[in-house]
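Chemist: Take a look at this one; I'll ask things after.
The values are calculated or read from the model by the stated rules, or taken from the named source; none is laboratory data. Remember, it's a predicted structure, so these values are computed and weren't measured experimentally. Neighbour counts are summed over all protein chains in view; Cβ atoms, including those assigned to glycine, are modelled from backbone coordinates with ideal geometry. Only protein heavy atoms, including side chains, enter the accessible area calculation; ligands, DNA and RNA are left aside. Shrake-Rupley method; radii C 1.70, N 1.55, O 1.52, S 1.80 Å.
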Amino acid sequence: MTDFAATRARFLLPGNLIYLDGNSLGPLPRGAAERLDGTVCHEWGELLIRAWNRAGWMELPGRVAARIAGLIGAEPDHVTVGDTLSVKVFQALSAALSLRPERRVVLSDTGNFPSDLYVAQGLIDALGQGHELRLAPPERIETHINEDIAVLLLTQVDYRTGRLHDMAALTARAHAAGALVIWDLAHSAGALPVDLAGAGADFAAGCTYKYLNGGPGAPAFVYVAPRHMRHARPVLQGWLGHAEPFAFEPEYRPAPGIDRLRVGTPPVLQLAALDAALDVWEGVDMQALRTRSIELSELFIALVEARCPMLTLASPRDPARRGAQVGFAFEEGHAAMQALIDRGVIGDFRAPDLMRFAFTPLYLDEDDIRKAAEIIADVMINRLWDAPEYRVRETVT
Ligand SMILES: *Cc1c(COP(=O)(O)O)cnc(C)c1O
């Protein structure tokens, strides 16, 4: 039994807020604030350069990666952390393409997060070998998998609608056509059970500032299946991906294992915060988390639909077909979200018209959902969003 009241107590949440935006930036775990204080003041402040050895800074990426591996069904020692998700998608895609040198097509879906698509386009241009990025509608992606495809690059949970791809089935389908698969777990890691090894995934990458609560700018993770490890050669070759970084050899030699996907110096402050944030996951059963997340989202949909006919559910109605987030379409969605945030219900907005809400049982309960639905009904029924101050668009929506 997972004690969700106990996990909730481990977060520093402002009392007057209902936080439904853990899919964008997880809240602050108490342990992370304390850990950062120690890392900054004691380790950096007093140990200075000695902290790389004495405070275990050099081991931190491996330690944090091993903890993430446990949450995504990865074999130990096949995950590493660092850089941002966009960079790790680049790393994984460049390694995967080099494993299918006779093929030229990267297949993704039209719902994928733009950064993944931009990275693929940039890599294709840089390689200059005539590769093509092909996009298909997410609902019909399997019908586009054929023997042209070198790599299938998919985000498991759609960042807008929450639509969930069937990882095991699509991976099997791609393998039957001789293609490799990269899974982006940005909206999966910490949101639902993931079994990379069980699904036979080739590569995966994800971020840690969303459902893993690692803090703004927390480093990304990347996974390589054991069978590809010796052959995977990413294009970005940095000194910390070298077999012997402190030999300072002029020629690159990849590290034998997952470290070859590292690039440069680890972000120690971010890793310290993330390491502490991962403490919250100890004793959390991912299946229990999933069940609870579905209960909360089902309750939310029922309450909102009962009161707000002007909102249209933009997520799959079947909870088994969506991740931990729900989107409602509304023409004035941006203004409506601003009005909600003003009243203490924090979700976010994705153009053109989507209001997004995430259901994170680590720190949300039914009481929060009922209160949030009440406030949403008030804002929608009484058109409280229809005010000049809610028309202003800030940089981050
Ligand atoms: C959030 C997200 C990203 C963000 O990438 P960063 O490099 O960490 O900014 C990339 N891909 C997907 C699918 C995302 O949801």
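Chemist: When only residues in region 182-200 that are among the aliphatic types (A, V, I, L, M) and within 23 Å of Pro361 (Cβ to Cβ) count, which is surrounded by the fewest Cβ atoms within 10 Å (Cβ to Cβ)?
Modeler: Our first condition is that a residue be among the aliphatic types (A, V, I, L, M); within region 182-200, this holds for 182, 185-186, 189, 191-192, 194, 196-197, 199.
Next cut, within 23 Å of Pro361 (Cβ to Cβ) only: 185-186, 189, 191-192, 194, 196.
Values: Leu185: 30, Ala186: 26, Ala189: 23, Ala191: 28, Leu192: 21, Val194: 24, Leu196: 24.
Here the answer is Leu192.
Chemist: Right, next: What number goes with the only condition from (1) in contact with a Phe, Trp or Tyr (Cβ under 6 Å, 6 or more places away or on another chain); (2) under 18 Å from Asp368 (Cα atoms) that Leu311 does not pass?
Modeler: So Leu311 meets the others, but not (2).
Chemist: Then there's this: Looking only at region 115-132, filter to residues that are open to solvent by 40 Å² or more (accessible area, probe 1.4 Å) and in a helix (DSSP H, G or I); which one of those is farthest from the ligand (Cβ to nearest atom)? Outline the logic, then answer.
Modeler: Taking region 115-132 and keeping what is open to solvent by 40 Å² or more (accessible area, probe 1.4 Å), we get 118, 121, 125-130, 132.
Then keep just the ones that are in a helix (DSSP H, G or I); that gives 118, 121, 125-127.
Numbers: Tyr118: 10, Gln121: 14, Asp125: 19, Ala126: 18, Leu127: 20 Å.
Top of the filtered list is Leu127.
Chemist: Checking the conditions here, which among Glu75, Glu102 is in the same structural domain as Pro216 (by TED's automatic domain parsing), in contact with a helix residue (DSSP H, G or I) (Cβ under 6 Å, 6 or more places away or on another chain) and open to solvent by 10 Å² or more (accessible area, probe 1.4 Å)?
Modeler: Every option except Glu75 fails the conditions.
Chemist: When only residues in region 51-63 that are among the charged types (D, E, K, R) and assigned to a helix (DSSP H, G or I) count, which is nearest to the chain's Cα centre (by Cα)? Even if it seems obvious, please write down each step before you answer.
Modeler: Taking region 51-63 and keeping what is among the charged types (D, E, K, R), we get 54, 59, 63.
Remaining after also requiring assigned to a helix (DSSP H, G or I): 54, 63.
Details: Arg54: 31, Arg63: 19 Å.
For region 51-63, the residue satisfying everything is Arg63.
Chemist: Tell me, which residue of region 64-113 that is in a loop (DSSP other than H, G, I, E, B) and among the polar types (S, T, N, Q) is farthest from the ligand (Cβ to nearest atom)? Before the answer, list the steps.
Modeler: Restricting attention to region 64-113, the residues satisfying the condition of being in a loop (DSSP other than H, G, I, E, B) are 72-78, 83-84, 100-104, 110-113.
Filter once more, so that each one left must be among the polar types (S, T, N, Q): 84, 110, 112.
On the way: Thr84: 3, Thr110: 13, Asn112: 7 Å.
In this case the residue turns out to be Thr110.
Chemist: Within region 1-50, count every residue that is touching a helix residue (DSSP H, G or I) at 6+ places or on another chain (Cβ under 6 Å) and either at pLDDT below 95 or in a helix (DSSP H, G or I) (or both).
Modeler: 8
Chemist: Quick check on Ala174: is it more than 12 Å from the chain's Cα centre (by Cα), more than 14 Å from the ligand (Cβ to nearest atom) and farther than 13 Å from Thr155 by Cα?
Modeler: For Ala174, the condition - more than 12 Å from the chain's Cα centre (by Cα), more than 14 Å from the ligand (Cβ to nearest atom) and farther than 13 Å from Thr155 by Cα - is met.
Chemist: Scan region 215-231 residue by residue and report those that are of a type in the set (A, V, I, L, M, F, W, C) and either surrounded by 23 or more Cβ atoms within 10 Å (Cβ to Cβ) or within 11 Å of the ligand (Cβ to nearest atom) (or both). Spell out how you get there, then give the answer.
Modeler: Within region 215-231, the first condition is being of a type in the set (A, V, I, L, M, F, W, C), and the residues that meet it are 218, 220-222, 224-225, 229.
Within region 215-231, Ala218, Ala220, Phe221, Val222, Val224 meet the criteria.
Chemist: I'm told Leu12 meets every condition in (1) open to solvent by 70 Å² or more (accessible area, probe 1.4 Å); (2) touching a residue at least 24 places away in the same chain (Cβ under 8 Å); (3) on the phi < 0 side of the Ramachandran plot except one. Can you identify the failing condition by its number?
Modeler: Leu12 satisfies every listed condition except (2).
Chemist: If you check Thr171 against the conditions, is it open to solvent by less than 60 Å² (accessible area, probe 1.4 Å), part of a loop (DSSP other than H, G, I, E, B) and of a type outside the set (Gly, Ala, Ser)?
Modeler: So Thr171 fails the test.
Chemist: Check region 182-189 and report whether any residue there is more than 22 Å from Arg290 (Cα to Cα), among the aliphatic types (A, V, I, L, M) and within 12 Å of the ligand (Cβ to nearest atom).
Modeler: yes
Chemist: Would a scan of region 201-214 turn up a residue that is surrounded by fewer than 17 Cβ atoms within 10 Å (Cβ to Cβ), under 23 Å from Pro27 (Cβ atoms) and within 16 Å of the chain's Cα centre (by Cα)?
Modeler: No, region 201-214 contains no residue that is surrounded by fewer than 17 Cβ atoms within 10 Å (Cβ to Cβ), under 23 Å from Pro27 (Cβ atoms) and within 16 Å of the chain's Cα centre (by Cα).
Chemist: Name the residue that is surrounded by the fewest Cβ atoms within 10 Å (Cβ to Cβ), counting only residues in region 362-393 that are more than 11 Å from Leu299 (Cβ to Cβ) and among the acidic types (Asp, Glu).
Modeler: Glu389
Chemist: Tell me, please, whether a residue that is free of Cβ contacts under 8 Å to residues at least 12 places away in the same chain, open to solvent by 50 Å² or more (accessible area, probe 1.4 Å), of a type in the set (D, E, K, R) and in the same structural domain as Leu289 (by TED's automatic domain parsing) can be found in region 326-335.
Modeler: Narrowing region 326-335 to residues free of Cβ contacts under 8 Å to residues at least 12 places away in the same chain: none.
Checking region 326-335: not a single residue is free of Cβ contacts under 8 Å to residues at least 12 places away in the same chain, open to solvent by 50 Å² or more (accessible area, probe 1.4 Å), of a type in the set (D, E, K, R) and in the same structural domain as Leu289 (by TED's automatic domain parsing).
Chemist: Sticking with this one: For region 133-153, indicate whether the set of residues that are in the same structural domain as Asp116 (by TED's automatic domain parsing), assigned to a loop (DSSP other than H, G, I, E, B) and crowded, with 23+ Cβ neighbours inside 10 Å is non-empty.
Modeler: Here is the first cut: in region 133-153, the ones in the same structural domain as Asp116 (by TED's automatic domain parsing) are 133-153.
Filter once more, so that each one left must be assigned to a loop (DSSP other than H, G, I, E, B): 137, 145-148.
Still in the list and also crowded, with 23+ Cβ neighbours inside 10 Å: none.
Checked against the condition, which is being in the same structural domain as Asp116 (by TED's automatic domain parsing), assigned to a loop (DSSP other than H, G, I, E, B) and crowded, with 23+ Cβ neighbours inside 10 Å, region 133-153 yields no hits at all.
Chemist: Further question on the same structure: Is it true that Ser315 is open to solvent by less than 30 Å² (accessible area, probe 1.4 Å), part of a helix (DSSP H, G or I), outside the structural domain of Gln91 (by TED's automatic domain parsing) and touching a Gly at 6+ places or on another chain (Cβ under 9 Å)?
Modeler: Here the answer is no, as Ser315 does not meet what is asked.
Chemist: Is it the case that region 329-348 has a residue that's of a type in the set (Lys, Arg) and within 25 Å of Pro138 (Cα to Cα)? Step through it out loud before you land on a result.
Modeler: At the first step, the residues of region 329-348 found to be of a type in the set (Lys, Arg) are 343.
Narrowing the set further to residues that are within 25 Å of Pro138 (Cα to Cα) leaves none.
No; the residues of region 329-348 include none that is of a type in the set (Lys, Arg) and within 25 Å of Pro138 (Cα to Cα).
Chemist: Quickly run through region 345-359 and pick out the residues that are open to solvent by 10 Å² or more (accessible area, probe 1.4 Å) and either assigned to a loop (DSSP other than H, G, I, E, B) or under 14 Å from Glu295 (Cβ atoms) (or both).
Modeler: Ala351, Pro352, Asp353 - these are the residues of region 345-359 that are open to solvent by 10 Å² or more (accessible area, probe 1.4 Å) and either assigned to a loop (DSSP other than H, G, I, E, B) or under 14 Å from Glu295 (Cβ atoms) (or both).
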